[in-house]
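The values are calculated or read from the model by the stated rules, or taken from the named source; none is laboratory data. Everything numeric in this text was worked out from a predicted model, so none of it was measured. Methodologically, a virtual Cβ is constructed for each residue, glycine included, from the backbone with ideal geometry; neighbour enumeration extends over all protein chains shown.
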Amino acid sequence: MTRLGALANRIFVDVELVAYVLLGVMLAFGAVLGMIGAASSALEAAQARGTADSLLVMIDRLLFVLMIIEILHTVRVSFRSGSLVCEPFLVVGLIASIRRVLVITLESSQASKPGNWSADSQALFNASMIELSVLAGLILIMVIAIVLLRRSAKSTPAAKEAG
């Protein structure tokens, strides 16, 4: 490698390091703010005696914080290993999908209450069922992908030892 190439490589590594550190700090700050918001939502849910809306907001915020923490974990693992790991992204996708399922379920349950049924609520309900079906398939695919990744990670060291 030439001197210019080595210098460029070092600069890019340093820029990558700074980007990872800044990203990690911002994600940690977002997680702290999310936890404060989740605690606030928990207090509101307690004051509202656990209504469905207040509980959904609290769970939604907690799942959002969990997603941020998983992304932060991914950044940390990528920083340590120097390579991108797939499983944390699948976990974040799984959490996001479950989060969306909860929101859709609450929205459709509100629309199907007695006295709220109309052509618009019927259309919302039908669209919600289609979206829930797609999300269920997506969740199943992500779970299978996580299981396959874990199995392949377990079999890789054994294959290296045998070879």
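When you go through ILE141, ILE59 one by one, which is the residue that is in the same structural domain as TYR20 (by TED's automatic domain parsing) and more than 30 Å from ASN9 (Cα to Cα)? Full working, then the answer.
Numbers: ILE141 fails: in the same structural domain as TYR20 (by TED's automatic domain parsing).
Result: ILE59 is the single residue among ILE141, ILE59 that is in the same structural domain as TYR20 (by TED's automatic domain parsing) and more than 30 Å from ASN9 (Cα to Cα).
Could you check THR51 against (1) surrounded by fewer than 14 Cβ atoms within 10 Å (Cβ to Cβ); (2) modelled with pLDDT of 80 or more; (3) not aromatic (Phe, Trp, Tyr) and say which number it fails?
The failed condition is (2).
What pairs can you find where one residue is in the range 55-84 and modelled with pLDDT of 85 or more, the other is surrounded by fewer than 16 Cβ atoms within 10 Å (Cβ to Cβ) and not in a helix (DSSP H, G or I), and their Cβ atoms are less than 7 Å apart, with a gap of 6+ or different chains?
Correct list of pairs: empty, since none qualify.
Could you pull out the residue among THR51, THR74 that is polar (S, T, N, Q), under 16 Å from the mean Cα position of the chain (by Cα) and not assigned by TED's automatic domain parsing to the domain that holds SER133? Break it down stepwise before answering.
On the way: THR51 fails: under 16 Å from the mean Cα position of the chain (by Cα).
Selected residue: THR74, the only one of THR51, THR74 that is polar (S, T, N, Q), under 16 Å from the mean Cα position of the chain (by Cα) and not assigned by TED's automatic domain parsing to the domain that holds SER133.
Could you grab me the full set of residues in the range 72-97 that are over 18 Å from LYS154 (Cβ atoms), surrounded by 16 or more Cβ atoms within 10 Å (Cβ to Cβ) and of a type in the set (A, V, I, L, M, F, W, C)?
Within the range 72-97, LEU72, VAL75, VAL92, LEU94, ILE95, ALA96 qualify.
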